[in-house]
Amino acid sequence: MSPIRQFMAWACALSPIGTMICGDVATASTPTLAWDGARRLGVQCLVDPDRTPDRRRLQAALCERVRALAADGAPIPVVLLAPGDPGLIAADTAVLLFHANVQPDEARSSAARGGSLLVFSLRVFRATAAPSELFGAAPRATALPAGGASPSPQLDAAVNAALAETLPWRSRPAP
């Protein structure tokens with residue numbers, strides 16, 4: 001092989017190799033099938049364990065907070081859906097499922113004490129879409145506001161981070 005051809009072969013090979021080595025991780029640029037044709041986002045929440053004091057009040061407050069944060073900048077209406085609501089299986093509705101677990105202070109080790117801990121996950125469900133997503137947003141943990149009082153900045157930050165992994169209008173655009 002002539003020296004010029006050898007040089008050209010190396011020059012052409014180095015560009016893709018350099019991109020593979022130095023390039024950033026590619027992100028998906030299309031939303032999952034759960035969003036195709038969705039005209040409404042419903043929010044449904046579940047707080048465990050059942051023996052949590054004022055569980056229903058806490059569940060309602062957290063669900064409303066998730067709804068409000070999800071609605072920020074949403075191109076479709078975001079509504080609360082009660083258990084058994086027909087909207088859960090409506091063809092035009094994607095459902096954001098918020099599943100939380102309260103770990104009381106006394107249930108944790110003495111080194112980790114300092115108030116109850118709220119561990120939660122978010123994922124999208126759509127009854128009429130083929131399952132296209134195995135996992136939702138990474139689980140998050142944050143301090144639970146004392147007595148379920150007004151939401152804390154830490155709770156809002158954790159929910160917003162999970163929403164950014166879940167909602168297509170919250171995702172960062174691909175580079």
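The values are calculated or read from the model by the stated rules, or taken from the named source; none is laboratory data. This one's a predicted model, so the numbers in the text were calculated from it and none came from an experiment. For neighbour counting, all protein chains shown are included, and Cβ atoms are generated from backbone atoms with ideal geometry for every residue, glycine included.
So here's what we get for this one:
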quantity	calculated
All positions within the stretch 32-51 that are of a type in the set (A, V, I, L, M, F, W, C) and out of contact with any Phe, Trp or Tyr (no Cβ under 8 Å at 6 or more places or on another chain)	Leu33, Trp35, Ala38, Leu41, Val47
Single match in Arg172, Arg113 (criterion: over 30 Å from Arg39 (Cβ atoms) and either among the basic types (Lys, Arg) or at pLDDT 95 or above (or both))	Arg113
Any hit, the stretch 49-72, residues being under 24 Å from Ala130 (Cβ atoms), under 21 Å from the mean Cα position of the chain (by Cα) and at pLDDT 70 or above	yes
Ala82 vs. criteria at pLDDT 90 or above, part of a loop (DSSP other than H, G, I, E, B) and of a type in the set (A, V, I, L, M, F, W, C)	yes
Condition check for Ala94: closer than 16 Å to Ser171 by Cβ, of a type in the set (Gly, Ala, Ser) and not in a helix (DSSP H, G or I)	yes
